[in-house]
Amino acid sequence: MTTETRTVPLARRLRSIAKHAMLIALCAVMVYPLVRLLVSSFKPNADIFRDLSVFTADLTTENCEHGWSDLQSPFEVYLVNSAVIAFGAIVGNLVSCSLAAYAFARLRFRGRNLAFAVMLGSIMLPFQVLMVPQFVIFKELGWLNTFLPLIAPKFLATEAFFVFLMVQFIRGLPKEIFEAARIDGAGHFRCYLNITFPLIVPALATTAIFTFIWTWGDFFGPLVYLRLPEFWPVSLALRGFLDAQSSSDYGSMFAMSVVSLLPMFLVFLLGQRYLIKGISTTGMK
């Protein structure tokens, strides 16, 4: 074996080592805030910002105990509120967005392409643009301090991203299935319910996971519509541990932040397979 043939595998091995070292360093940078959050939730308040290391022997469970009961209501109330809002948003998006997607993908009606383009254009509208007119409408309806402003719009297919996701998925289904169903006398609603809905499970799972993550972590929407503390989700409840007038309980806030992250972590972990499948098989045909 010559010297040149030995140098090629050595250079390749060095590149591989450098690549893996860089990936490990980037992974450590991304994981450090989560580890710091977890460790800080068990540290006394005095040591949270004084000791920045993630290795400490002075750990306590008082933050979890105080965080669960120090607010106006037990923290389980805020968890239930977040679960109710997330569940309503998921059901609304799954039903309304799948129906709208079936209409755009399988029905032929005048102005379909224009309506689809307008729907896609609404993705570029930030929430701040729609906030004032929506607030006025919900105030006139008497929906303030209820969960309805956060749930009801989901039943009107307002999430254009999920509609587009399902449209692309439905367009990838074989047309022969729908033609055979139509020959057998099935209407559009039966084609949607018995054929389309079961075949787009990956897209539905992707919609459910993203809706849960976005709704569970939403802060601005509940801040606008929910004034009473008994209706707060966890995103607003965590703010209750911070007080600009007196001392803030950072330890309890970090402890309850870990608790509020667990549902998001579990949902992503359990639905990761469907999430990857739904994204990889949608919009790439």
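Kindly evaluate E65 against the criterion of being of a type in the set (D, E, K, R), under 30 Å from A205 (Cα atoms) and not in a loop (DSSP other than H, G, I, E, B).
no
Which residue is nearest to T146 (Cα to Cα), if the candidates are limited to the stretch 173-198 and must be crowded, with 16+ Cβ neighbours inside 10 Å and among the aliphatic types (A, V, I, L, M)?
Taking the candidates together, the pick is I195.
Please state which one of F109, F87, F75 is surrounded by fewer than 16 Cβ atoms within 10 Å (Cβ to Cβ) and within 25 Å of the chain's Cα centre (by Cα).
The unique qualifying residue is F87.
Please find, among L236, L223, the residue that is closer than 30 Å to S40 by Cα, without any contact (Cβ under 8 Å) to a residue 40 or more places away in the chain and in a helix (DSSP H, G or I).
L223
Name the residue that is nearest to L223 (Cα to Cα), counting only residues in the stretch 33-79 that are among the aromatic types (F, W, Y) and in contact (Cβ under 8 Å) with a residue 60 or more places away in the chain.
Out of the qualifying residues, it is Y78.
Is it true that A57 is more than 17 Å from the chain's Cα centre (by Cα), surrounded by fewer than 12 Cβ atoms within 10 Å (Cβ to Cβ) and at pLDDT below 95?
yes
Only one of these conditions is not met by G251: (1) surrounded by 22 or more Cβ atoms within 10 Å (Cβ to Cβ); (2) at pLDDT 85 or above. Which number is it?
Among (1) surrounded by 22 or more Cβ atoms within 10 Å (Cβ to Cβ); (2) at pLDDT 85 or above, G251 violates only (2).
Can you name the condition, by its number, that F127 falls short on among (1) crowded, with 17+ Cβ neighbours inside 10 Å; (2) of a type in the set (A, V, I, L, M, F, W, C); (3) under 30 Å from V77 (Cβ atoms)?
If we test F127 against (1) crowded, with 17+ Cβ neighbours inside 10 Å; (2) of a type in the set (A, V, I, L, M, F, W, C); (3) under 30 Å from V77 (Cβ atoms), just (1) comes out false.
So for the stretch 258-277 (the condition being assigned by TED's automatic domain parsing to the domain that holds L165, crowded, with 16+ Cβ neighbours inside 10 Å and either acidic (D, E) or not in a helix (DSSP H, G or I) (or both)), does at least one residue qualify?
no
Among the residues that make up the stretch 230-241, is at least one of them modelled with pLDDT of 85 or more, over 16 Å from the mean Cα position of the chain (by Cα), farther than 30 Å from L59 by Cβ and surrounded by 12 or more Cβ atoms within 10 Å (Cβ to Cβ)?
Scanning the stretch 230-241, I find at least one residue that is modelled with pLDDT of 85 or more, over 16 Å from the mean Cα position of the chain (by Cα), farther than 30 Å from L59 by Cβ and surrounded by 12 or more Cβ atoms within 10 Å (Cβ to Cβ), so the answer is yes.
Identify the single condition in (1) loosely packed, with under 14 Cβ neighbours inside 10 Å; (2) more than 30 Å from E179 (Cα to Cα); (3) more than 25 Å from the chain's Cα centre (by Cα); (4) not small (G, A, S) that N63 does not satisfy, given that it satisfies every other one.
Among (1) loosely packed, with under 14 Cβ neighbours inside 10 Å; (2) more than 30 Å from E179 (Cα to Cα); (3) more than 25 Å from the chain's Cα centre (by Cα); (4) not small (G, A, S), N63 violates only (1).
Residues in the stretch 192-229 that are charged (D, E, K, R) and either more than 17 Å from the chain's Cα centre (by Cα) or outside the structural domain of L99 (by TED's automatic domain parsing) (or both): how many?
Final tally of qualifying residues: 1.
Which residue, of S122, S96, is polar (S, T, N, Q), under 20 Å from the mean Cα position of the chain (by Cα) and modelled with pLDDT of 90 or more?
None of the others qualify; the one that does is S96.
Tell me the residue from A89, A205, A157, A152 that is within 25 Å of G217 (Cα to Cα), at pLDDT 85 or above and touching a Lys or Arg at 6+ places or on another chain (Cβ under 6 Å), please.
Every option except A89 fails the conditions.
All but one of (1) modelled with pLDDT of 85 or more; (2) loosely packed, with under 10 Cβ neighbours inside 10 Å; (3) not β-branched (V, I, T) hold for M1, so report the exception by its number.
If we test M1 against (1) modelled with pLDDT of 85 or more; (2) loosely packed, with under 10 Cβ neighbours inside 10 Å; (3) not β-branched (V, I, T), just (1) comes out false.
Scan the helices (runs of 4 or more DSSP H) fully inside the stretch 100-201 and keep the ones with 2 or more residues being under 30 Å from L236 (Cβ atoms) and either in contact with a strand residue (DSSP E or B) (Cβ under 6 Å, 6 or more places away or on another chain) or among the aromatic types (F, W, Y) (or both).
127-141, 160-171
The values are calculated or read from the model by the stated rules, or taken from the named source; none is laboratory data. Model, not experiment: these values are computed from the prediction. Glycine gets a Cβ as well: all are built from the backbone with ideal geometry, and neighbour counts include every protein chain shown.
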